[in-house]
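What follows is one structure encoded as structure tokens, with my remarks underneath.
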Amino acid sequence: LDEPTSGLDARGALVIMRAMKKIAETGRTVCATIHQPSAAVFEMFDDLLLLKRGGEVVFFGELGDESCNLVEYFEERGAEPIEHGENPAAWMFRAYARPDNETDWKESFKQSPQFRALNETLDALKESPDESKRIQCDTVFATSRGTQNVLMIRRVLKIMARAPSYNLARLMIAV
């Protein structure tokens, strides 16, 4: 889900998150991108993949009860301690995005026990004797670069065809 709570008030976001949590409790995996969640919404997530600009991993792992794993991870690496009752999502962002912060969060994650555990889990899945759990990929991407380009061009043309007057205005402005 791409920003399922965008544009919603706190109550609406909580209703959506409860529905997502119910889906997850049935055994399905739910992935969501979310920006500036309230503390109540943030606490509903089991795991967090935090990326910095450029798509580099800053943190990946279970949040724990009341985000204790996340808080411990950041505090061990020099973040200011979290205040009682503070939103862990806002605190986390401040902790790693501080201008005076000299921590290389990407390298810090690569040296962490969480990174080692993640790699061990992935290696075990790659080598799993159970065929249904084995991860096997022929290439990094699901499709070739050419197929990706064709699909993106089709998508752009379809979007442009939906609003010809808008595209005409863009062309006139460009000229």
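So the check is Cβ under 9 Å with 6+ separation or different chains; which pairs have a first residue in segment 156-173 that's hydrophobic (A, V, I, L, M, F, W, C) and a second one that's assigned to a helix (DSSP H, G or I) and open to solvent by 80 Å² or more (accessible area, probe 1.4 Å)?
These pairs meet every condition: MET160/TYR166.
Under 8 Å by Cβ, and 6 or more places apart or on different chains, what pairs join a residue from segment 105-130 that is closer than 23 Å to VAL71 by Cβ and modelled with pLDDT of 85 or more with one that is outside any helix (DSSP H, G or I) and of a type in the set (Phe, Trp, Tyr)?
As it stands, the answer is PHE109/PHE59; PHE109/PHE60; GLN114/PHE59; GLN114/PHE60; PHE115/PHE60; LEU118/PHE60, since those pairs meet every condition given.
All but one of (1) assigned to a helix (DSSP H, G or I); (2) at pLDDT 85 or above hold for THR143; which doesn't?
(1)
Tally up the residues in segment 109-167 that are of a type in the set (Gly, Ala, Ser) and more than 27 Å from GLY55 (Cα to Cα), please.
5
Any idea which of (1) on the phi > 0 side of the Ramachandran plot; (2) open to solvent by less than 80 Å² (accessible area, probe 1.4 Å); (3) not aliphatic (A, V, I, L, M) is the one GLU66 doesn't satisfy?
The failed condition is (2).
Can you find a residue that is free of Cβ contacts under 8 Å to residues at least 60 places away in the same chain, under 30 Å from GLU107 (Cα atoms) and surrounded by 16 or more Cβ atoms within 10 Å (Cβ to Cβ) anywhere in segment 7-14?
No: zero hits.
Residue-by-condition table, conditions (1) at pLDDT below 90; (2) outside any helix (DSSP H, G or I); (3) within 13 Å of ALA89 (Cβ to Cβ); (4) open to solvent by less than 50 Å² (accessible area, probe 1.4 Å):
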site: THR5; (1), (2), (3), (4): yes, yes, yes, yes
site: ILE16; (1), (2), (3), (4): no, no, no, no
site: LYS22; (1), (2), (3), (4): no, no, no, no
site: GLY27; (1), (2), (3), (4): yes, yes, no, no
site: PRO37; (1), (2), (3), (4): yes, yes, yes, yes
site: VAL41; (1), (2), (3), (4): yes, no, yes, yes
site: LEU48; (1), (2), (3), (4): no, yes, yes, yes
site: GLY54; (1), (2), (3), (4): yes, yes, no, no
site: VAL57; (1), (2), (3), (4): yes, yes, no, yes
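GLU86 fails exactly one of the following numbered conditions: (1) open to solvent by 80 Å² or more (accessible area, probe 1.4 Å); (2) assigned to a loop (DSSP other than H, G, I, E, B). What is the number of that condition?
(1)
The values are calculated or read from the model by the stated rules, or taken from the named source; none is laboratory data. This structure is a prediction, so every number in the text was calculated from the model and none was measured. Every residue, glycine among them, receives a Cβ derived from its backbone with ideal geometry; neighbour counts consider all protein chains shown. What goes into the accessible areas is simple: the full protein's heavy atoms, side chains included, and nothing from ligands, DNA or RNA. Shrake-Rupley method; radii C 1.70, N 1.55, O 1.52, S 1.80 Å.
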